[in-house]
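Asker: Supplied in structure tokens, the structure appears directly below.
The values are calculated or read from the model by the stated rules, or taken from the named source; none is laboratory data. In this text, all values refer to a predicted model and were calculated from it rather than measured experimentally. In this analysis, Cβ positions are derived from the backbone assuming ideal geometry, glycine residues included, and neighbour counts consider all displayed protein chains. SASA here: full protein model, heavy atoms, side chains in, ligands and nucleic acids out. Shrake-Rupley method; radii C 1.70, N 1.55, O 1.52, S 1.80 Å.
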Amino acid sequence: MFSSRQNGYNLLLFELYMEHIAAINNLTFKYHSYTSKQSANIFSDTSFLLEKGVIQILYGRPESGKTTLCRLLAGLIPMYQGGTLSGDITLGEIQIREQHAFQLLSKIGIVFQDPEEQLFMPVCEDEILFPLEHLELSHEEIGSRLEQVIDFYDLQQYRTSNPANLSGGEKKRLLMAVLDAVDPELWVLDETFEELDINWREKILRSLKERGKSVLILASKDIDLYETYGDRFGVIIKRDSGNHIEFSGREHAIEVLGDTLPSIELSEVLYAHERALCNMTGLQFTYKHSNHDFLISIDALTLYDQEVLALYGPNGSGKSTLCKILCGLISPNEGKISIRDGEKMRVASENDLLRHTGYLFQNPDFQIFLPTIGDELKLGLTRMGIQSSEADQRIREATDLFDLGDVEQPPAIMSYGKRKRLQAAVYYLLERKVCILDETDSGISLDDYAKILELLKGRVDAVILITHDMRLAEACSHRIIEMKDGEIQKERRLCR
Amino acid sequence: MQMTLFQQGNSIFHRFDPRAKILLLLFFLVYIFLPFGLIVHGTVLLLLIIASAVSTDWRDMFSPIIAIWPILILIALLTPPFYREDPIGITIELLLRFTSISYLFTLFFKTTEMSMIILTLRWFRLPYNAALVITMALRFIPYLGGVYHQIQDAHKLRMGSAEKINRFYQKIRSLIPVLTSVMIYAIKTIPELSMSLEHRGFGIPRKTSRLRVYKSLKNGHKLFTHMGISVIIAVIFILTPSIFN
């Protein structure tokens, strides 16, 4: 921990030995308050340098200001989201706060945490072309860069597809392609690797490393590849007076982050017919995925009582679609789903499945729509016919367990991690038999994820989790099912 | 989420040059508003329904009518009291016109890729900012439609059932929470979209390069033929009313 004077001294020393691309000096920032309470500083008097030609990983727990930092670096805040900023952010000779974001196009590029916020063109190819057309490049150069990134990020089949139709990981790949085509001096990646599968993580990180790019990766949890490809490691240290950033090595960063693989207590599962909770047979479903038809085909899959089942597979392998079939949001073209009804299994209707299975969407914003936390939590309870006083008590319990704070808070201005916790709290109160967590681990810390999983596991009969993190799947589940191209490729029971 | 009206296909409408197609669209828009009488408007609608059936899945033939039926009912109920002379004839004509416009746009969007529409607008030298606004509208209107369905799904999951609502006012009432959520989502999108646009270079005062205008749509022979066909179609339709009169 350094005082601002010490920080200045360290920066001076650092500048003597290292070539840096950006310098952040005595940064203090807070958002405007939307309630009667005074808003707290997100950062207070923090200083650090970003080195040139290296991959820098900056860890930070959820709500520590990672996204705010990215947007401050790109000159998007306070311009678009308000707030009070003091201190300097300089990129070479340029003072960021004196620039419009468009003037920084070739200097700094970001991939936002939520791809929905960043994609705006009707076809993928135009998404890549948009910034290139603003760079005063020759047509040959634009064409050449377009082809290069389309090829590298394997987007050939999606060239004329609507970006909104892509899966979460494919959207991230498209955004990386946009950034790569522009090739700014500093790349800022806000939790970009979380929704990408392992092959893409490695391919992109290796390429960035080999090309000697200046990269800042913001991460709320550690993945193996960061150790291999990261050159500098820092952490956002939470403080009441405002958060602080230190680049003090990987070990220190991981220690401060305090984020280790969760140890989840899993009950014993009896893989016997009489313990089956849900049974899918002969499922077939075809849908238009971008420009081609995509077929989900599941011969047989059974979910057992007390089981935590992990679905693992590359982006666009059909994991989310399978789960939407399972919870009654999509009707399969063929096949049936049976659920346990007392001693017997019976074929489930769409309404049966909706009442049987809860589903936490990948993007919490599609599932949170009421003005306050309290309203969100109360909706389902009112529907279940629970008395107001009883409902209030349950809401208090859920807000405490999921650490949601004031029930009067509007979810719209809460952090991504907190919105995910609220999403989980809603299903905690709804008492479903099965709960599906669709990449709930992205954008939140491992211990937060473990907490959500523990709480939901104690409430429902079985959990299905979708993840791109094999270590997490191995640590948290009884069985892992690997999917590819809409089919089950491999099934593995873990010894518990 | 499937968020575009465009349907892959190989019909004549799919293969027709979008530049000629957009001119035909404008011609028919004007044509539908001209006072040609019930027979002509009825014939135009019938032709559009047939075109719709042969261009994409015939089972979607009546989807434009299904989408606008509440408005058609309102037109049918509210128009007659305002006219003393031939209220029924005027109402039918309005219904035919309104339905024809819906079919016309549906046919256009179902058979033309969004990227081609934008290229076409740029080819017609539409100012960059105007083309961008149309691009955004083409991207975000269906996108918000997709968000509507996602939020509807979230409501269904939360409520634990997909209710069958038969009464009209109940249907309207059930729409309110979903529409409110979509509106909140749309409003939240505004600053994010502005950020994203500016971050990708929008606002730079210099002229932008337009790669795709130069790269695509160069097939002059096809354009000439299709423009010619469009003119013939337009002439036939202009002359036809005089046969009926």
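Asker: State to the nearest 20 debye the size of the charge dipole of the protein assembly as shown about its Cα centre, where the only charges are +1 on K and R beta carbons and -1 on D and E beta carbons.
Answerer: My answer is approximately 2000 debye.
Asker: How would you order A:229-241, A:377-389 from highest to lowest mean count of nearby Cβ atoms within 10 Å?
Answerer: Packing proxy ranking, top to bottom: A:229-241, A:377-389.
Asker: Next up: Along the charge dipole of the protein assembly as shown, Cβ charges K/R +1 and D/E -1, which of A:S207, B:L107, A:I386 sits furthest on the positive end?
Answerer: My answer, from the dipole projection, is B:L107.
Asker: Something else about it: What does the charge count around A:V426 come to, taking other residues whose C-beta lies under 9 Å from its C-beta (Lys +1, Arg +1, Asp -1, Glu -1)?
Answerer: Value of the local net charge: 0.
Asker: Now, a different point. So for segment A:220-300, considering every pair of alpha-carbon atoms, how many percent are separated by more than 14 Å?
Answerer: 78
Asker: In chain A, what percent of the accessible surface is made up of carbon and sulfur (1.4 Å probe, ligands and nucleic acids excluded)?
Answerer: 46
Asker: Taking both sides together, what accessible area is buried at the A/B interface, probe 1.4 Å, expressed in Å² and rounded to the nearest 100?
Answerer: Rounded to the nearest hundred, the buried surface is 6000 Å².
Asker: Calculate what fraction, in whole %, of the accessible area of segment B:121-199 sits on carbon and sulfur atoms when a 1.4 Å probe is rolled over the protein chains.
Answerer: 67
Asker: For segment B:47-121, run through the trypsin sites (Lys or Arg not before Pro) and keep only the ones in DSSP coil with at most 16 other Cβ atoms within 10 Å of their Cβ.
Answerer: Sparse-neighbourhood loop trypsin sites (Lys or Arg not before Pro): B:R84.
Asker: From other protein chains only, count the Cβ atoms within 10 Å of every residue's Cβ in A:114-126, then give the mean.
Answerer: The mean count of partner-chain Cβ atoms within 10 Å per residue comes to 6.
Asker: Now, a different point. Among bridges DSSP assigns within chain A, what percent are antiparallel (round to 5)?
Answerer: 55
Asker: Still on this structure, I have one more. Under the rule of -39500 (n - 2.57) per DSSP H run of 4 or more residues, summed and divided by the residues of chain A, what mean residue ellipticity at 222 nm is obtained, to the nearest 500 deg cm²/dmol?
Answerer: Per the formula, -10000 deg cm²/dmol.
Asker: With helices defined as uninterrupted DSSP H runs, which ones in chain B have an alpha carbon span along their own long axis of at least 27 Å and mean Kyte-Doolittle hydropathy of at least 0.5?
Answerer: B:87-111, B:168-199, B:220-244
Asker: How would you order A:475-484, A:207-216 from highest to lowest mean count of nearby Cβ atoms within 10 Å?
Answerer: A:475-484, A:207-216
Asker: Could you please report the charge total around A:E454, scoring K, R as +1 and D, E as -1 over all other residues with beta-carbon less than 14 angstrom from its beta-carbon?
Answerer: Summing Lys/Arg as +1 and Asp/Glu as -1 gives -1.
Asker: Provide a whole-number value for the mean count of partner chain Cβ atoms within 10 Å of the Cβ atoms in peptide B:115-124.
Answerer: Per residue, the number of nearby Cβ atoms from other chains is 2 on average.
Asker: Can you work out the FRET efficiency for the pair A:Q387 and A:R459, with r the C-beta to C-beta distance and R0 = 25 Å, to the nearest 0.05?
Answerer: 0.80
Asker: For segment B:1-87, state the average projected area of the convex hull of the C-alpha atoms over all orientations, rounded to one decimal in nm².
Answerer: 7.7
Asker: Determine the residues within segment A:339-356 where the difference in accessible area between the chain on its own and the full set of protein chains amounts to at least 20 Å²; count protein heavy atoms only and use a 1.4 Å probe.
Answerer: The answer is A:E350, A:N351, A:L354, A:R355 - residues whose exposure falls by at least 20 Å² when every protein chain is included.
Asker: In segment B:1-45, whose amide N lies under 19 Å from the spot 7 Å out along Cα-to-Cβ of B:A130? List them in ranges.
Answerer: Output list for this probe position: B:19-30.
Asker: Could you compute the net charge surrounding B:I90? Neighbours are other residues with a C-beta less than 15 Å from the C-beta of B:I90; K and R count +1, D and E count -1.
Answerer: Computed value for this residue: -1.
Asker: Just the ratio, please: alpha-carbon radius of gyration of the protein assembly as shown over 2.2 N^0.38 Å, N its number of residues.
Answerer: Output field value: 1.04.
Asker: Scale the Cα Rg of segment B:121-199 by the rule-of-thumb value 2.2 N^0.38 Å and send over the ratio, two decimals.
Answerer: 1.48
Asker: Among the listed pairs A:K52/A:K172; A:K457/B:K171; A:K66/A:K107; A:K203/B:K110; A:K433/A:K484, give every one whose C-alpha distance is greater than 29 Å.
Answerer: A:K457/B:K171; A:K203/B:K110
Asker: Shifting gears a bit: Would you please state the base-10 log of I(q)/I(0) at q = 0.11, 0.18 1/Å for chain B, with intensities from the Debye formula using one equal scatterer on every alpha carbon?
Answerer: Log10 of I(q)/I(0), two decimals: -0.80, -1.43.
Asker: Sticking with this structure for a sec: Just tell me how shielded A:388-399 is by partners: mean number of partner chain Cβ atoms within 10 Å of each residue's Cβ, no decimals.
Answerer: So the per-residue partner count for this stretch is 0.
Asker: For a label point 7 Å from the Cα of B:Y83 along Cα→C-beta, name the residues of segment B:11-37 whose backbone N is under 19 Å from it.
Answerer: B:30-37
Asker: Would you mind putting A:460-469, A:80-89 in packing order, based on average other-beta-carbon counts within 10 Å, highest first?
Answerer: Listed from highest to lowest mean packing, they are A:460-469, A:80-89.
Asker: Which one, B:G89, A:G82, A:I444, projects farthest toward the positive side of the charge dipole computed for the protein assembly as shown from Cβ point charges (K/R +1, D/E -1)?
Answerer: The residue sitting farthest along the positive end of the dipole is B:G89.
Asker: Taking only protein heavy atoms and a 1.4 Å probe, what accessible area per residue, in Å², does the protein assembly as shown have with all protein chains in place?
Answerer: Here the per-residue accessible area is 44 Å².
Asker: Please give the Cα centre distance for segment B:5-57 versus segment A:147-192, rounded to the nearest Å.
Answerer: 36
Asker: Follow-up. Compute, for chain B, the length of the dipole vector about the Cα centre, with Cβ point charges of +1 (Lys, Arg) and -1 (Asp, Glu) only. Units Debye, rounded to 20.
Answerer: Result for chain B is approximately 900 debye, rounded to the nearest 20.
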